[in-house]
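The values are calculated or read from the model by the stated rules, or taken from the named source; none is laboratory data. Nothing here was measured: the structure is a model prediction, and the numbers come from that model. Glycine also receives a Cβ, built like all others from the backbone with ideal geometry; neighbour counts cover every protein chain displayed.
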Amino acid sequence: MAHQINISGDFSTEEALKWKKVLNVDALKKESISIDMVNVRTADITGINALATTQKILLGFGKTLSISVKKNSQLANLINLTKLNSSISVITIE
């Protein structure tokens, strides 16, 4: 069963860097990670980098990362723009 994490509010710059540390530690310890990000209001490339780095660690151990995002949110748009959805399982919520 995937380790469940909820992230809401800001997922940019300093907050994203804080989450990156937490996610990367979890990636080493947990079987797989599922992140509910439906309530993320703001995101930037630092947040995308945090997700990509965590995915890279998980893939190295044969584990998976899945995230849930709100349709047409800033985060969903960045994920599509950067094509991160080609390597991470992304569930889009209305």
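Tabulated data for the structure shown
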read-out: Number of the condition not met by L75 [criteria: (1) out of contact with any Lys or Arg (no Cβ under 8 Å at 6 or more places or on another chain); (2) surrounded by 14 or more Cβ atoms within 10 Å (Cβ to Cβ); (3) in a strand (DSSP E or B)]; value: (3)
read-out: Extreme residue, nearest to Q4 (Cα to Cα), among residues of the range 36-53 that are over 8 Å from the mean Cα position of the chain (by Cα) and among the β-branched types (V, I, T); value: V38
read-out: Single residue of G62, G9 found to be without any contact (Cβ under 8 Å) to a residue 24 or more places away in the chain and more than 13 Å from the chain's Cα centre (by Cα); value: G62
read-out: Residues within the range 44-59 that are more than 17 Å from A16 (Cα to Cα) and either in contact (Cβ under 8 Å) with a residue 40 or more places away in the chain or exposed (fewer than 15 other Cβ atoms within 10 Å of the Cβ) (or both), tallied; value: 1
read-out: Residue check for I93: in contact with a Leu (Cβ under 8 Å, 6 or more places away or on another chain) and either more than 17 Å from A2 (Cα to Cα) or aliphatic (A, V, I, L, M) (or both); value: no
read-out: Output for the range 5-28, where each listed residue is part of a helix (DSSP H, G or I) and aliphatic (A, V, I, L, M); value: A16, L17, V22, L23, V25, A27, L28
read-out: Set S68, S12: member being among the hydroxyl-bearing types (S, T, Y), touching a helix residue (DSSP H, G or I) at 6+ places or on another chain (Cβ under 7 Å) and modelled with pLDDT of 95 or more; value: S12
read-out: Candidate set from the range 27-43 (those that are out of contact with any helix residue (DSSP H, G or I) (no Cβ under 8 Å at 6 or more places or on another chain) and farther than 20 Å from I93 by Cα); member that is surrounded by the fewest Cβ atoms within 10 Å (Cβ to Cβ); value: K29
